[in-house]
Amino acid sequence: MLAPFRNEPLTDFSNPTQIKAFEAALTTVQSWLGRTYPLVIGGEKIYTDETFDSLNPADPSQVVARFARATPEHANRAVEVAHDAFNEWRKVPYETRARYLFKLAELIRKRKHEFSAIMVYEVGKSWPEADADTAETIDFCDFYARQMLRLGGAQPVEPFAGRDAELRYIPLGVGVVIPPWNFPGAIMAGMTTASLVAGNTAVLKPASTSPWIAWFLSEMLYEDLRLPPGVLNFLPGPGGKMGDALVDHPLTRFIAFTGSKEIGLRIFQRAAVLQPGQKWLKRTLLEMGGKDAILVDETADLDAAAQAIVASAFGFQGQKCSACSRAILVEEVYDEVVDKVVRQAEKITVGPTVDPSHWMGPVVDAKAYAKMWEYIEIGTQEGRLLLGGQPLKHNPTNGYFVPPTIFGDIDRNARLAQEEIFGPVLACIKAKSFEDGMDVVNGTEYGLTGAIFTRRRDRLETAREDFHVGNLYFNRKCTGALVGVEPFGGFNMSGTDSKAGGADYLLLFTQAKVISEAL
C-alpha cells in the first residue's frame, strides 16, 4: 500500500556525518567539472561543433560543464520526434508512468548530496539552499506521481438512468519545458515530471546558466530508468531563435515556462499565433516573477519580522521570485525595524558557497552582476543607503558577489519599489498606517508572494481578503513554499497562477474527455 505523501526532510548540517557526506559529494562533483555533454533527441546523443559553457559564478574562470548548442533545426526535429513518441507514451498506463516518478525520486534521494553539490558549483547555492532545492525536487516527483494515481482513472460524474457516462483526463501532446536557473533542480524537475506523468512528451530546454543539473536528472531517466526514446528530449542552448522555434512549432501543444516577465509575455504572445497546420490553441503555463513585500504593523513581533525580512530578502542572494524586495513598515515602528534588519544583515557572510561558512554566494552571471550595480546606483538616487552598496574588498576569484544592500526611505512609486531586481537589494518603505501599508502592498503589477506581521486578528483577516498575491503568509517569511502544503503560483504579471505542487496542477497538463454509452 502506498504511504501518504510526506515532504522530504532537510539535511541537518549540524551533524558531522552529514557535513562529511556533503564534502565528499562536492569532491566527487568537482572531479566531473569541465566535461562536455550532448543534446538528446529521440534517444540519440548529438554533439555539435558549436558549444557553450556553464560557468561557476563564484569563479567565472572555472568551466563547470560544456554543452552542445542546439539550433532551430534541432528544435524542430525534437518537437517532431516528441510528437511521434507521444502516440505510444500516451497509451502507457498511468500507473506505469507514476512508477517512473517514484523511482526517479528514490534515485535522487540516494544521490541527493551530489544533486545539491552540482547546484553549489553551477549557480552558487549555499549548502542549505541547494539541499532545499533537492528536497523539493524529490517532493515534486513523489507528489505528482500520487496525483496521477488519483486523476488517472475514470472520474466521478452524476449518475443518470439509461446512460453509462465517465470522465477521463487525457494528455495534451508535446510540451516545451523552459525552466529557470534559480531553482534549476526543483522547478525544472517539477515542470518536466508533471508533463511526463500526465502522458505528454516533452522537449526540455534548460536555462543556459544551469544546464548541468538538468542533464543530471535527464540522464537518470535515460540511463537508469530507461525512459522510452523521444519521450523526453534534452535541448540545451541559449533561447532566442531556438526558443522561438520550440514555441512556434505547429506540433507544440503547450509551453511550461518559469522566468522573467519579458520572456513570459513573449511566449504568451507567440503561442497565441495560429501556425500553418496547427490544430489546437496552445496552452501556456507561465510563472513570471514578483515584487514581493512583507508588511509590518505596530503590534507585530518586531524581532521575528526582522528575521523574516532578512531571510526572505537575502536567501540565495535574493534570486527567488518569492524574495522580499520591499519591506513595508508602519511609521510607528519603521526606524526600529529598519535598525533590526540592518543589524542582522550586517552579520551575513558572503563568498564561494563550497565553503559552508558563507551564507550568501554570488549572483548567477555577469549580466545579473551588472544589473545589480545599476539598481544600486538607482537606489542611491531614490533613497538612503543603509547597508552594502560596495563591491567586496576581498574577491580573489573575481566572482559575481554583491553584498546584502538595503535602502531606506524609498518612495512607494520609485523604481526600486516597482521593478523586479532579482538580487540582494531591499527597499524599505514607510507606511502611514496598516491601511496605507495595504495600499502599498498591492501597488505593483505583480502578485506572487507576500507576508504580514501583526498580532491583530482583524488585520490578518483583512489581509486574507485584500492582500492580492497567490501565496500569502502570516507572521512568517514570504519564501519557502512546501510542495503539497503551499501550492505555488501568482496573480497579475506574476503569471498564470498555475499552482505548482498543488492537487490541481496536473489538470493543466491534461484535457477532459467524456464518454457516454446508452444502456
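Here, each number is a calculation from the coordinates, and none is a lab measurement. Quick caveat, the model's predicted, so the values are computed rather than measured. Don't worry about glycine lacking a Cβ; one is built from the backbone with ideal geometry, like all the others, and counts go over all protein chains shown.
Restricting attention to the chain, close to 40% of DSSP beta bridges with both partner residues there are antiparallel. Considering only the range 275-419, what is the antiparallel percent among its DSSP beta bridges, to the nearest 5? Given both bridge residues lie in the range 275-419, the antiparallel proportion sits at roughly 35 percent. Gap in Å between the Cα centre of the range 113-187 and the Cα centre of the range 2-16? Computed from Cα coordinates, the inter-centre distance equals 18 Å.
Counting other Cβ atoms within 10 Å as a rough exposure proxy, the listed residues LEU107, LEU246 run LEU107, LEU246 from fewest neighbours to most. By the count of neighbouring beta-carbon atoms within 10 Å, fewest first, VAL402, VAL337, VAL514 end up ordered VAL514, VAL337, VAL402.
Local charge for PRO487 was computed over the other residues whose Cβ lies under 10 Å away, with Lys and Arg +1 and Asp and Glu -1, and equals -2.
Highest mean packing first, where packing is the average number of other Cβ atoms within 10 Å per residue, the peptides 366-376, 121-131, 425-435 line up as 121-131, 425-435, 366-376. I need to check one value: relative contact order of the chain, counting alpha carbon pairs closer than 8 Å and at least 6 residues apart, in percent. Reported relative contact order: 17 percent.
For the range 173-261, trypsin sites (Lys or Arg not before Pro) meeting the loop criterion (DSSP other than H, G, I, E, B) and having at most 12 other Cβ atoms within 10 Å: ARG226. Annotation: extensible slack from GLU336 through LEU274 equals 16.7 nm (criterion: 0.36 nm per residue apart, minus Cα-Cα distance). The helix-based estimate of mean residue ellipticity at 222 nm for the chain, built from -39,500 (n - 2.57) per DSSP H run of four or more residues and divided by its residue count, is -11500 deg cm²/dmol to the nearest 500. Spatially, the range 434-456 and the range 275-320 are offset by 13 Å when compared through their Cα centroids. All Cα-Cα separations within the range 51-184 were binned at 10 Å from zero, giving a P(r) of 10, 25, 30, 23, 7, 3, 1, 0, each value a whole percent of the pairs. Note on the chain: Cα convex hull, mean projected area over all directions, 25.9 nm².
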